[in-house]
Each structure stands twice: as structure tokens, then as C-alpha cells.
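Just below is one structure, and these are the notes that go with it.
Rule-based calculations on the coordinates, nothing more; no lab input. Since we're looking at a predicted model, the values are computed, not measured. Because the Cβ atoms are built from the backbone with ideal geometry, glycine has one as well, and the counts that use them run over all protein chains shown.
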Amino acid sequence: MEEVITGYNILLDAKNKKPIPGSLPAKTWSGMQTISDDVLLRIIAVSKDEKPYRQLHPIKIRTQCKNYFEFIVGNFNYALDRKVSLEPFFYGSGDKYDESAKGVLDMLKYVKKLLEQDAASKKPKG
């Protein structure tokens, strides 16, 4: 979640044409297994009855994180390295990277809240 927060803030700086401190971080992402099966099963247990959060359901957390780290981070950092315009990432008919990153960040915060609530309950799920 920390890397997504940092990445989101960098995206906002880029969108607002502020100096960018560097590329979007992705050191913790090592593929779909970054979120272990045990953690994924826990997330499924605590969120199966929940409504999607901003269209992103917690059971799709691996896919949403993969999309963020591999697509958004990869494309944005590639553009930074090549020193090309970053405007297409924020304006026009395509996906808005800042809005997509915010959706993933909000979903991660929501999942964290669900897991913390479940851990504190007298009868944890799953």
C-alpha cells in the first residue's frame, strides 16, 4: 500500500506539472504471488458479502494490483525514461492513470479495514 500511495502522489504531481521526485515505485511487487494464497483466502472470507468498492471488488485484489504495478507503473516509468509527454496518461479518451491508481489505493485501504475489523472481532471469518 505504501508504494501505491507514493505512486499516486507522484502521478498527481505529474498531472499538475510539478517536479517529479522519481519513477513510480514497484520494488515490493513480484507478481501475482506477492499476495499469498493464505492472504487472498482471508480477503475472500472477509469480503465475500461486501459490495464492490468503487467498482473494484476485494476478491480481485491480485488482478487490480497487477494492473497497477505492471500496466500503470510500467507504462509511466517507461515514458519517464524516454522523456516523452506524460499528458496522455491523464487527459484524453484513455484511462486516467491518477484515477485508476486512486481506485486501487482506495480498494487496498478498504481491504485493510475489513481485515483489521475481522481480526478484532470475537468470531473471525474463514
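Tabulated results
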| quantity | calculated |
| --- | --- |
| Condition met for PHE69 (surrounded by 17 or more Cβ atoms within 10 Å (Cβ to Cβ), over 16 Å from MET107 (Cα atoms), among the aromatic types (Phe, Trp, Tyr) and in contact (Cβ under 8 Å) with a residue 40 or more places away in the chain) | no |
| Residue selected from the range 73-112 under the condition closer than 19 Å to ILE10 by Cβ and of a type in the set (Val, Ile, Thr), by the criterion surrounded by the fewest Cβ atoms within 10 Å (Cβ to Cβ) | VAL84 |
| Enumeration of residues in the range 4-34 that are without any contact (Cβ under 8 Å) to a residue 60 or more places away in the chain and among the β-branched types (Val, Ile, Thr) | THR6, ILE10, THR28, THR34 |
| One residue from LEU12, LEU115, LEU56 being surrounded by 13 or more Cβ atoms within 10 Å (Cβ to Cβ) and under 11 Å from the mean Cα position of the chain (by Cα) | LEU56 |
| Matching helices (runs of 4 or more DSSP H) fully within the range 27-126 where at least 3 residues are of a type in the set (A, V, I, L, M, F, W, C) | 37-47, 73-82, 97-120 |
